[in-house]
Each structure stands twice: as C-alpha cells, then as structure tokens.
Amino acid sequence: MSATDTHRRDPVEHDLKAAPTAPQARGRRGRRRRLAFSLTARILAINVMALGVLVAGFFYLDQLQRDLMDAKLDALAREATLLAAALGEGAVDTAGTASAGIDSTAAATLVHRLNLPIDTRALLFNADGSLAVDSWRLPMAPVQTTELPPPDTGRGIVGRAADAAYEWITARLPPRTTVPLHSEPSEPRAADLPTVMAALQGSAGGAMQRTEDARLVAVVAAPIQPFRRVQGALLLVADAEDVLESVRNARFTILQAFSIALGITIVLSLFFAGTITRPVRRLARAAERVRAGGGRKVEIPDFTARNDEIGRLSAALREMTDTLWVRMDAIERFAADVAHEVKNPLSSVLSAVDTARRVTDEDQRAKLLALVGEDVMRLDRLLSQIADASKIDTELARAQREPVDLRAMLTTFAEMQDAAASMNDGSEAIRVEIRGDGPFMVQGVEDRLAQVLQNLVSNARSFSPPGGAITLGLRRDSAAIVVSVDDDGPGVPAGMEDAIFRRFYTFRPEGEAFGTHSGLGLSISRQIAEAHGGRLTCANRYDPAGGVLGASFRLELPVADAVRAAEAD
C-alpha cells in the first residue's frame with residue numbers, strides 16, 4: 001500500500017490502530033473530527049445550503065432578465081412601427097413617377113421633429129440598401145456623450161463588498177441568454193445588417209445585441225411600405241443598459257434579503273442546534289464520567305421536563321445508570337453471599353479432614369468421611385444453583401419467547417407428581433384447581449416456567465406435614481394469569497414474606513438436615529418471574545379463627561400478546 005493510500009484510510013480505523021501507542025493524538029483527532037462533523041455544523045450547513053440553492057437558482061434561472069429584454073424589444077418595435085408609418089406618409093417621394101424613394105431631406109426633418117431619446121439612433125435605408133438618414137449625423141442632432149460610472153465614494157465597505165460579491169457571483173454563473181455582437185461600421189449598409197435586410201423583404205424583427213464596448217443595445221428594424229410596397233427600412237438602435245441595471249437592482253434586493261435571511265437562519269440554526277447539542281454534550285460528559293468510574297456522585301442531568309427525544313434520552317440514561325448501580329450492588333452482595341455460603345461447608349470439610357488425620361478409631365473416621373461426603377454434596381448443589389442463578393438473566397434475554405399453555409403445564413405436572421407420590425407411600429397428594437375460563441396462555445420460556453413451578457412445589461412439599469395436600473390453582477385475572485401453590489405447612493414467619501426470596505435465605509422445616517436446601521430456589525423463581533414481566537409473592541392462609549392453615553405462593557404472569565390482540569379484535 002502506498003503512502004497516499006495509507007493517508008486516505010478511514011479516520012476511525014486509523015484512530016483505533018493508533019490507540020495503544022498514541023492516546024493523546026487520538027483524542028486530538030477525535031476532537032477535530034467531532035468539530036468538523038458536529039450536529040451544529042450539519043444543521044447550519046443544511047439550512048444555509050437550502051437558502052443558498054434558492055438564491056443561486058434565481059441568479060442562474062433568471063427569467064426576470066429575459067422578461068425585461070422582451071419588454072424593451074416590444075416597446076422599441078412599437079415605436080419603430082409608428083415611425084416607419086410616419087415616414088411612409090411624409091418622407092417617401094412617389095409623385096408622378098413609377099418608382100419611389102425616401103426623401104432624405106423630408107425624412108431628416110421628420111426624424112428631428114420626433115425628438116428621439118438621446119440614446120436611440122435611427123437609421124433609414126433606401127430600397128437598394130443604401131443609407132438615407134442617420135439621426136446621429138444630422139446637423140441638428142445632439143452631441144453624443146458616454147456616461148462614465150459614478151465615482152466609488154460614499155459606498156462604504158459594505159457597499160463595495162456587495163458589489164464585489166455580485167460581480168464574483170455573476171462572473172461564475174454560466175450565461176443563460178446569448179447576445180450577438182452589434183456591428184457599427186463607419187458607413188452602415190443594409191447588406192451588413194441582417195435585421196435591415198429582413199425589413200427590406202417586408203418582415204419586421206429585432207434582437208438584443210452587445211456593442212464592442214460590451215454595452216447592451218436593443219436593435220429593431222421595420223419596413224417603410226406605403227401602399228403595401230416596401231420603399232425602405234427603418235433601423236432603431238436603443239441603449240438597453242437600463243435592463244441590466246434593473247436586473248442588477250433586483251438582484252441586489254434579493255442579495256439584501258438573502259443577507260437578512262442568512263443572518264436569521266444562522267442565529268436560529270445555532271439556537272436550534274444548541275437546544276440539541278448542549279444537553280447531548282452534558283449527557284455525554286456525564287456518561288463518560290460514569291464510565292471512568294466516578295462513583296455514585298456522578299449525576300446524569302435531568303431533561304425529562306422537555307418532553308421530547310432529549311428528555312426521553314435523559315430519562316433512559318438515568319434509569320440505565322440507576323439499574324447499573326442496582327445490578328452492581330446485587331453482584332457485590334451475591335459475591336459476598338457466595339463466599340459466605342461456600343466458606344461454611346469448606347470449613348466443615350477442612351475440619352473433618354484434619355480431625356480424620358488424628359483419630360485412630362475406624363468408626364469415628366467413617367463418620368467424619370460421611371460428613372465430608374455430605375458437605376461435598378452440599379457444595380455441589382450450591383455451586384450448581386449458583387451457576388444457574390448467574391446465567392438466568394443472560395439466558396432469558398437471548399431465549400426465544402413462545403406461547404405457553406399453563407393449563408396443560410399444571411395438569412401434566414400434577415399427574416407426574418402424583419405418580420411419583422404413589423410410587424412412595426401415596427400419603428401426599430397434589431390437587432389442581434382451575435377457576436374461570438381460559439385461555440391460560442403466557443409468552444415465555446417453557447423450561448424456566450416449569451422450573452419455577454418445580455421449585456414452588458418442592459418448597460411446599462418440604463413444609464407440608466405427612467398426609468398434607470398441595471393445591472395448584474389457576475385463574476385469569478384481567479390481563480394476568482395467576483398460578484397459586486398452597487400447602488398445609490406452618491406458614492411463613494410474620495414479617496418474612498419478602499425475606500424468603502432473598503438469596504441464601506434458609507428457613508428449614510423441623511427434622512430436615514442442615515444443608516439440604518441452598519436457599520436459592522425461591523430467589524431463582526422470583527428472578528425468572530420478573531424476567532417474564534411478572535411477579536412472585538407469598539402470604540399465609542388463615543382459618544376463620546385466625547389460625548395459620550399454610551403458605552400460599554402467588555405467581556402472576558402477563559397474558560400472551562396474541563391472546564390480547566385476539567381479544568382486542
């Protein structure tokens with residue numbers, strides 16, 4: 001790759017490759033790139049570009065200049081027609097002869113009496129193409145002068161700058177109207193003037209032309225034909241610089257309006273861009289401080305009062321930051337809890353192993369080895385559930401949600417549990433009570449919802465007395481489906497209805513060996529329920545006398561989207 005190719009590589013790629021060796025240079029390049037492609041620059045460029053295109057279109061597609069030229073030619077053509085008619089009546093000698101011709105003396109007198117404007121020249125040609133009268137060469141003709149441009153004083157810097165800008169713009173715009181050169185020979189002849197030759201053939205016409213000194217003139221020729229017979233031609237050449245002056249004045253007016261509109265556009269664009277970029281920059285700086293580890297003292301600016309996209313972005317960043325800190329706190333607590341829970345069985349294992357080295361009684365050693373085995377199994381269960389709890393959020397975020405029929409799930413689950421109970425002593429029964437009409441469909445991951453149900457039934461079985469019953473309830477409650485798991489156990493201690501869902505919280509039934517449960521089952525179940533947009537709660541059941549009948553766990557899950565859509569239709 002050549003040096004030029006390397007230089008032209010994408011700046012983002014260049015920054016990424018330079019990051020490990022030149023972070024300060026990368027930061028400077030990033031700042032320059034942000035300035036060059038900032039929202040303010042883009043908004044300003046788009047608004048100014050739209051206004052500039054409009055003004056450039058007026059200059060380039062200049063219909064005004066063509067209209068003024070046409071109007072000038074029409075006025076001069078009418079004047080030429082009237083003058084040609086007057087000359088045909090009073091300056092054509094036809095008395096007593098078969099031929100006719102222009103009476104130069106009478107024509108010159110008539111042209112003088114008409115008092116043509118000083119910038120208009122009248123040329124009369126005979127039928128043979130020879131020049132008969134030139135209004136600028138008559139003895140009584142006024143002296144021709146060339147008006148010099150006014151001195152450039154009093155215009156000021158702004159005026160001179162406007163003139164320079166106008167000349168710069170018009171010089172670079174391609175010409176839209178081509179104007180031919182107007183030749184002025186010292187001895188004009190009809191053969192050198194196409195418009196005059198056309199007039200001698202009976203056709204009037206005209207065009208805009210430019211003189212050798214770049215002045216714009218209107219040229220019109222009309223036939224002199226008394227009695228429908230062409231006896232000569234009249235050519236009027238009038239100065240048309242007033243057309244360009246009118247166009248120039250109109251363009252200057254447009255430029256003045258453009259300057260005012262440009263100033264207003266820039267001010268409003270900067271103000272509008274500021275309402276976007278300033279809060280975005282503040283949010284970006286706050287996010288950078290959070291990323292850099294500024295701690296909880298970093299506060300995301302609150303723009304929610306704006307009620308627009310910036311306000312929603314501010315609210316989202318604030319919620320994201322709060323959620324991030326909650327998640328980090330939860331991770332810290334989880335790590336501390338894991339260390340504590342793993343430390344207990346490890347301490348027991350170490351103590352048992354150390355004691356087994358010193359004892360000589362085989363029975364005592366066997367008991368110690370059995371204790372080590374129980375602790376190892378406890379560690380295995382604990383680590384398995386810790387791994388399960390740590391990956392639930394990520395797994396549910398990636399898993400495909402599908403409609404799940406809770407009626408079929410509960411019925412199948414109850415049959416499986418009853419079959420398992422019958423293989424033992426058959427003293428335990430699981431009943432399923434379904435109240436209300438379905439459908440009982442939710443959107444979720446079926447395996448994880450079955451895991452919640454398994455955890456709740458396992459927990460109920462642990463606290464149910466021999467011969468007790470576990471009741472699974474299912475009902476529709478507005479936009480939610482409620483699954484209840486009721487047992488006949490001692491219930492939940494008062495005030496601990498929410499604490500039992502904390503990680504590693506253990507409330508053991510009487511007679512249960514220590515370490516049988518890890519204290520993660522209910523916590524995982526609530527985690528799965530909340531990931532599905534639902535909730536899991538617990539409360540005691542009471543008899544009319546106020547006695548505790550057992551615990552009741554309530555799982556609420558939102559109705560599947562397809563069901564809500566069908567009901568809405």
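The values are calculated or read from the model by the stated rules, or taken from the named source; none is laboratory data. None of the values given here were measured: they were computed from a predicted structure. Cβ atoms come from the backbone with ideal geometry, glycine included; neighbour counts cover every protein chain shown. These accessible areas exclude ligands, DNA and RNA; they are computed on the full protein's heavy atoms, side chains included. Shrake-Rupley method; radii C 1.70, N 1.55, O 1.52, S 1.80 Å.
The modelled label-to-label distance for the pair Glu530/Asp128, using points 7 Å beyond Cα in the direction of Cβ, is 11.7 nm.
Relative protection proxy for 353-360, 82-89, 550-557, from highest mean packing down: 550-557, 82-89, 353-360 (other beta-carbon atoms within 10 angstrom). The residue among Thr178, Ala218, Leu255 whose Cα reaches farthest toward the positive pole of the charge dipole of segment 166-287, with charges on the beta-carbon of Lys, Arg, Asp and Glu, is Leu255.
Taking Lys and Arg as +1 and Asp and Glu as -1, the other residues whose beta-carbon sits under 13 Å from that of Cys538 total 0.
Taking the convex hull of the alpha carbon positions in segment 225-330 and averaging its projected area over all directions gives 15.1 nm².
Give, in nm to one decimal, the length gained when the segment between Leu138 and Ala419 is fully stretched (0.36 nm per residue of separation minus the Cα-Cα distance). Stretched out fully, the Leu138 to Ala419 stretch lengthens by 87.8 nm. Magnitude of the charge dipole for segment 214-369, about its Cα centre and with charges confined to Cβ atoms of Lys, Arg (+1) and Asp, Glu (-1), is about 500 debye.
By a 1.4 Å probe calculation restricted to protein chains, Thr304 has an accessible surface near 60 Å², given to the nearest 10. On the beta carbon distance between Ala450 and Ile264, with R0 = 41 Å, the FRET formula returns roughly 0.05. For segment 181-194, 3J(HN,Hα) computed residue by residue from phi via the Karplus equation (6.51, -1.76, 1.60; θ = phi - 60°) reads 7, 9, 8, 10, x, 4, 10, x, 10, 4, 5, 8, 10, x Hz, glycine and proline entered as x. Estimated at the nearest 10 Å², the accessible area of Ile102 is 20 Å² with a 1.4 Å probe. Per residue, segment 263-351 exposes an accessible area of 67 Å² to a 1.4 Å probe, with every protein chain left in place. Compared with the alpha-carbon gap, the fully stretched path from Asp498 to Ala469 is longer by 8.1 nm at 0.36 nm per residue.
Using r as the Cβ-Cβ distance of Leu549 and Lys391, and R0 as 41 Å, what FRET efficiency do you calculate, to the nearest 0.05? The calculated FRET efficiency here is 0.65. Each Lys and Arg contributes +1 and each Asp and Glu -1, all at the Cβ; summed about the Cα centre of segment 171-305, the dipole is approximately 1340 debye. Projecting label points 7 angstrom from Cα along Cα→Cβ for Ile254 and Glu212 puts them 3.4 nm apart. Count Lys and Arg as plus one, Asp and Glu as minus one, and take only other residues whose Cβ is under 12 Å from that of Leu369; the net charge is then -1.
Considering the convex hull of the alpha carbon atoms of segment 268-332, report its projected area averaged over all viewing directions, in nm², one decimal. With every direction weighted equally, the projected area is 4.7 nm². Accessible surface for Leu522 stands near 20 Å², nearest 10, in the context of the full protein assembly shown (1.4 Å probe). Computed over protein heavy atoms with a 1.4 angstrom probe, the accessible surface ordering of Arg113, Arg228, largest first, is Arg228, Arg113.
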